[in-house]
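Here is the structure we will look at.
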Amino acid sequence: MVKRTTYCGLVDEKYLNQEIDLAGWVQKRRSLGNLVFIDLRDREGIVQLVFSQEINAEALAVAETLRSEYVISVHGKVAARAESAVNDRMKTGKIEVEVTELTVLNKSKTPPFDIADNVTASEDTKLKYRYLDLRRPEMMAAIRTRAQIVKSAHHYLDDHGFIEIETPDLTKSTPEGARDYLVPSRVYPGSFYALPQSPQLFKELLMTAGFDRYYQLARCFRDEDLRGDRQPEFTQIDLETSFLSAEEIQSLTEGVIAQVMHDEKGIDVKLPFPRITWNDAMARYGSDKPDLRFGMELQDLSEFFKDSAFKVFSGAVANGGQVKAIVAPQAAAKYSRKQIEAIQEYIKRFGAKGLAWLKVDNGEVTGPVAKFVKDQQAELIAKLGAQDGDLLLFVADSKKVVADSLGYLRNFLAKELDLIPANQYAYTWVVDWPLFEYDEGDQHWIAAHHPFTMPNEEDIHLLDTDPHAAHAQSYDIVLNGYELGGGSIRIHTREIQEKMLKALDFTLEQAQEQFGFLLDAMDYGFPPLGGLAIGLDRFAMLLSGRDNIRDVIAFPKNSKATEPMTTAPSRVASAQLDELGLNVEDAPEK
RNA sequence: GGUUCCAUGGUCUAGUUGGUUAUGACGCCUGCCUGUCACGCAGGAGAUCACCGGUUCGAGUCCGGUUGGGACCGCCA
């Protein structure tokens, strides 16, 4: 048993002249011969230990042999540092511990990278030695931010009558949505469980059971390619309620977020958060998850340019498309023609065929297409609210291409032009989503949210006539341009649910096979219900100021969905496969 | 599935037109040092230039492939 009085980072003047015990890792040894300083680190911070002949010769001798990341325990006296030796950059910089007893609890190899916040090692190296990476204070802080969010959410939801209930991780594969992770059944060779993409159906059934308010920190699994804000397994703060309206559910969600912001950031957010319809978000920001920390909105010039001599503009309008622009403030001098062309190349990935641009100079526009708009220039500048020195960027194309490319450009330029204020948290609800969206790849209609989403009351009749025009009672909560969470009012009658599935080209037989248990439940007193899930990983990422959710997951996967530390996924013994009745084809040994 | 970038001591990295003893910093090791905190000073060790093949008198460098990794598009109800 190692004795410990307090954490290294918490030793302060109240321990002055007291004998204390500490334990931790050696951050740094500074030897001046017969005077040795050791920075000792634990989860709360660093304190300086001092060893000398006068204090204890034996301890000094051992201190000389210490190296980075050795684990030690010490006994000593907390002493005030001399005025000249005070370190203002250290929380514990006014004191030091004069060590009389030193025990080496374990040695350490030289770590592959410094245990410090400015570490330069590659992501791969850091993940391979994740336990060392997590020793770094900024990593530990991010993981602790996550823990605080969880604690606050528990607190708020418990206080508001939510009951925490676990749902299965081994469940049934669902056809729509992401690819499932499959788990073979030993008892039924050839049959598979799936890991849940979300607890959606279970939480609805909990409402049927009458729990009324459910929540859970739900692990979700989706076998899709990764991104900075996407991991194959992630956690949702998942909740579901009975008998509440969309507005009431949003208000509860705001309560969770406000509690978290108060507890973790000390910020009392202003409620309610703004609401923007999906249509407006797409029109004004070119995104269904707009970053509201800055302006630079998309402005519609379709009408303005419908008769333009510039055929790219007028032609797009004539073909049912749009011309839209964003005004990049004081960016004219910052972007050369060549740089703008590079941007143009970049937005081609969103389908844009080109990027027209103008610079505003002395009340006039300049640039390659200026000649087409010369006679309208004053009107154009006034309409866009542009100033001298601004850069105007135009995309003329279909509605979708215009939104995608200018929406991307808006975010890109805001970053480059440093228009995004630091330490600001801009929450917004995006509401009134389309119920369906068209999958260009598979050439069919899919549910925009999921197939259990309730249409708007006034659109229910459209399910019989023009289902794909219907809008949904669904809502996303957006923070700083990230989809933080989303939810909806669910369908609770079999009649509407069957119409919905029909609109998605499910036959009744398919529906019965895949969701039969849900449809059956609808025959036994299924209450009106709705809920939402907040992405815990993204929330923690945003509140800890990181740009990758790996940083708030203790043991994440890399971008290729493997884990460099354990080397999962890995091959298994053929006996294991035999037991499962599985045959692996064409899988070379690695 | 696609696009693109990358791979050089433990770590990060320079390496020009194909010819160097493969550069530097940090780290590491040894010695000296009683007020350091980016300690200092002196010395030292440490590289299969990811892998396979090709071009060439000669390849870290050029070409082809493989592997691993990063970012992005598709995908993510």
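The values are calculated or read from the model by the stated rules, or taken from the named source; none is laboratory data. Only a predicted model underlies this, so the values are computations on that prediction, with no experimental measurement involved. Here the Cβ is made from the backbone with ideal geometry for all residues, glycine too, and neighbour counts use every protein chain on show. Keep in mind that these areas ignore ligands, DNA and RNA; they rest on the heavy atoms of the full protein, side chains included. Shrake-Rupley method; radii C 1.70, N 1.55, O 1.52, S 1.80 Å.
Evaluate the distance, in nm, between pseudo-label points positioned 7 Å from the Cα of A:ALA342 and of A:GLN443 along their respective Cα→Cβ axes.
That separation, rounded to one decimal, is 4.1 nm.
Find how much the distance from A:SER559 to A:ASP88 grows on full extension, using 0.36 nm per residue of separation minus their present alpha carbon separation; answer in nm with one decimal.
165.5 nm
How big is the accessible area of A:HIS154 in square angstrom, nearest 10, if you roll a 1.4 angstrom probe over the protein chains?
A:HIS154 has an accessible surface of roughly 50 Å² with all protein chains in place.
Computed FRET efficiency, Cβ-Cβ of A:GLU138 and A:ASP361, R0 56 Å: what is it to the nearest 0.05?
The computed FRET efficiency comes out at 0.80.
Using a 1.4 Å probe, how large is the accessible area of A:GLU254, given in Å² and rounded to the nearest 10?
Rounded to the nearest 10, that gives 10 Å².
Over region A:8-106, what lengths in whole Å, largest first, do the semi-axes of the equivalent ellipsoid take, defined as the square roots of 5 times the eigenvalues of the alpha-carbon gyration tensor?
That gives 18, 15, 13 Å for the three semi-axes.
Helix-only estimate, please: 222 nm mean residue ellipticity of chain A, summing -39500 (n - 2.57) across DSSP H runs of length 4 or more and dividing by its residues, to the nearest 500.
One gets -8000 deg cm²/dmol as the mean residue ellipticity at 222 nm.
Sticking with the crude label model, points 7 Å out along Cα→Cβ, report the distance from A:LYS3 to A:ASN118 in nm, one decimal please.
3.9 nm
Just add up the charged neighbours of A:TYR335: K/R +1, D/E -1, any other residue whose Cβ is under 13 Å from the Cβ of A:TYR335. Present the calculation step by step, with values, prior to reporting the outcome.
Values: positive: A:LYS334, A:ARG337, A:LYS338, A:LYS359; negative: A:GLU341, A:ASP390, A:GLU416.
Summing Lys/Arg as +1 and Asp/Glu as -1 gives +1.
Whole angstrom only: what separates the Cα centroid of region A:3-65 from the Cα centroid of region A:258-333?
56 Å
Of all the accessible heavy-atom surface of region A:93-243, with the other protein chains kept in place and a 1.4 Å probe, what percent is carbon and sulfur? Before the final figure, lay out each step's value.
Numbers: 3850 of 7770 Å².
Carbon and sulfur atoms account for 50 percent of the accessible area of region A:93-243.
Which FRET efficiency value, to the nearest 0.05, do you get for A:HIS155 and A:LEU35 by plugging their Cβ-Cβ distance into 1/(1 + (r/R0)^6) with R0 = 51 Å?
0.55
When a/c reaches 1.5 or more, the comparison of a/b and b/c decides; with that in mind, is region A:164-252 rounded, prolate or oblate per its Cα gyration tensor?
oblate
P(r) of region A:28-169 in 10 Å steps, Cα pairs, percent per bin?
Pairs per bin, as whole percents: 10, 30, 27, 18, 10, 5, 0.
Using alpha carbons only, how many angstrom separate the centre of region A:81-97 from the centre of region A:150-169?
Distance between centres, Cα-based: 44 Å.
Expected output is a single nm value to one decimal: the length gained when fully extending between A:GLU164 and A:ASP464, i.e. 0.36 nm times separation in residues minus the C-alpha distance. What is it?
104.2 nm
Amide H of A:PHE436: which non-local residues (sequence gap of 5 or more, or other chain) have their own amide H closer than 5 Å, using H built in the peptide plane?
Amide H neighbours of A:PHE436, under 5 Å, 5+ apart: A:ALA448.
Take A:LYS324, A:LYS14, A:LYS28 and sort them by solvent-accessible surface of the protein heavy atoms, 1.4 Å probe, largest at the top.
Order by accessible area, largest first: A:LYS14, A:LYS28, A:LYS324.
Once label points are set 7 Å from the Cα along Cα→Cβ at both A:ARG43 and A:SER191, what is their separation, rounded to one decimal in nm?
Between A:ARG43 and A:SER191, the label points sit 4.3 nm apart.
Filter A:LYS334/A:LYS400; A:LYS151/A:LYS270; A:LYS28/A:LYS94 down to the pairs with a C-alpha to C-alpha distance above 23 Å, please.
Going by Cα-Cα distance, A:LYS334/A:LYS400 fall outside the 23 Å limit.
Plugging the Kirkwood radius over Cα pairs into Stokes-Einstein for region A:294-420, at a temperature of 37 °C and a viscosity of 0.692 mPa s, what D comes out in µm²/s?
Answer, rounded: 229 µm²/s.
What is the extension gain from A:ASN106 to A:GLU248, computed as 0.36 nm multiplied by their sequence separation minus the C-alpha to C-alpha distance, in nm to one decimal?
45.6 nm
With a 1.4 Å probe and all protein chains kept in place, how do A:TRP433, A:TRP278, A:TRP25 rank by accessible area, largest first?
A:TRP25, A:TRP278, A:TRP433
Rounded to whole Hz and in sequence order, give me ³J(HN,Hα) for region A:262-272 from the Karplus expression 6.51 cos²θ - 1.76 cosθ + 1.60, θ = phi - 60°, writing x for Gly and Pro.
Values, residue by residue: 5, 6, 8, 10, x, 10, 9, 6, 7, 10, x Hz.
Please enumerate, by chain and number, the aspartates and glutamates with C-alpha under 13 Å from the C-alpha of A:LYS502, excluding those fewer than 8 residues away in the same chain.
Straight-line reach from A:LYS502, under 13 Å: A:ASP464, A:ASP466.
For A:LYS383, list the lysines whose Cα falls under 19 Å from its own Cα; do not include residues on the same chain fewer than 8 positions away.
List returned: A:LYS306, A:LYS324, A:LYS359, A:LYS371, A:LYS374.
Counting only the heavy atoms of the protein chains, how much of A:THR567 is accessible to a 1.4 Å probe, in Å² to the nearest 10?
Roughly 90 Å² of A:THR567 is accessible to a 1.4 Å probe.
Taking amide H positions as placed 1.01 Å from N in the peptide plane, with prolines and chain starts having none, which residues 5 or more places from A:ARG43, or on another chain, fall under 5 Å of its amide H?
none
Would you mind getting me the FRET efficiency between A:ALA178 and A:ARG67? Use the beta-carbon distance for r and R0 = 51 Å, nearest 0.05. Numbers along the way, then the final one.
Working: r = 47 Å, r/R0 = 0.92.
Plugging the Cβ-Cβ distance into 1/(1 + (r/R0)^6) gives 0.60.
Counting pairs of alpha carbon atoms under 8 Å apart in space and at least six apart in sequence, what relative contact order in percent does chain A give?
About 14 percent, as a whole number.
Evaluate chain A: find the radius of gyration of its Cα atoms, find its Kirkwood radius, and give the ratio Rg to Rh. It would help to have the intermediate numbers written out before the result.
Details: Rg = 29.8 Å, Rh = 28.4 Å.
In chain A, Rg relative to Rh is 1.05.
Relative contact order of region A:1-90, please, whole-number percent, based on alpha carbon pairs below 8 angstrom and at least 6 residues apart.
Working: 162 pairs, mean separation 29.9, N = 90.
It comes to 33 percent, rounded to a whole number.
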